Amino acid sequence: MGAGAGDPGFGMPDSGGFLPMRGAPGVRQDDPMTAADHDARLIEVAARLSVIAAEEFVAARRAASKEAEDPALAAAIAKLRKPVLAAWVVNLLAAHDPHALTPAAELAEEFRQAVDAGDARALGDLTTRRRRILGELAGRAVDLAAERDVEVGPAARVAVERTLDAALRDPDAAAAVASARLLRPIEATGMDAPDLDGAVSGPFEAAVAPAGDSDELAERRAARDNARAAAEARRHAESAERDLARLEESLRSAQERVASLEKQLVRLEQQRERLASEAEAAQRELEVLSDQRVVARDAVRRARRDADRAST
């Protein structure tokens, strides 16, 4: 990443070192820092480090850790990790052009409501808007990186688009992107919530729905779950009906085959009986002819004897 990524105001060393943290001079070494102060200052440093040039990250983190007067805060700063390229590019967009992400937050909430309501038509319209906004945001983020002499290759560009797409689909992902403290790309697929574990530098909590909307949201989600269950049950029923129709067709074919073979068997049995009768008649005729042959042979012998006597 080029040196242009570290302009003053985003945590770059400034003559005397890392820019001082807001409120740090008012904290004495012997005054314990509250948890809220600790998190607020850690978030501030993490936000600055998340948009700094990659080659300057380690030195800037070391300087920020030394500037911290609270040992626990210094240790936490020292453990902050450097974002990968795609996350850094998205952080640039969130830090330098936060208003560009306003449509993303609005669209993400509309997506969640449409999903909870199972509104397919609204989801279709939102998908068209999402593609347009996604193209604009990704182009702006890549341009910001180019202004800092950082080239965003195809793989990183895809990761940037997936991260921004997650922000357009899910309010929690939108909040993570808007923090400008991403450490890695995030992705939202289908209706599942995106995995934000370890995705944001420093303390981060996903947005919580307002208490007044919880019952209505629970009802919408229950209705959505019931609709999904009913749709799944219908698919199973339709599949079972198709299986039954195929089995009934196979049964009809088998029944027709059995009937055909039975008819053939009847014909063959009739033919067997006819042939058996013909065989019996032929056997009787054979016996008659055999008897006639015996008589004929006796007649021949007698005729020869008579002829022999007459000649003598």
Among 93-102, 297-306, the order from most to least packed when residues are scored by Cβ within 10 Å on average
93-102, 297-306
Residue exposure sequence - ARG131, ARG181, ARG157 - by fewest surrounding Cβ within 10 Å
ARG131, ARG157, ARG181
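Readers should treat all values here as calculations from the given coordinates under stated rules, not as data from a laboratory. Note that the structure is a prediction, hence the values are computed from the model and not measured. Every residue, glycine as well, gets a Cβ built from its backbone with ideal geometry; the counts of neighbours run over all protein chains shown.
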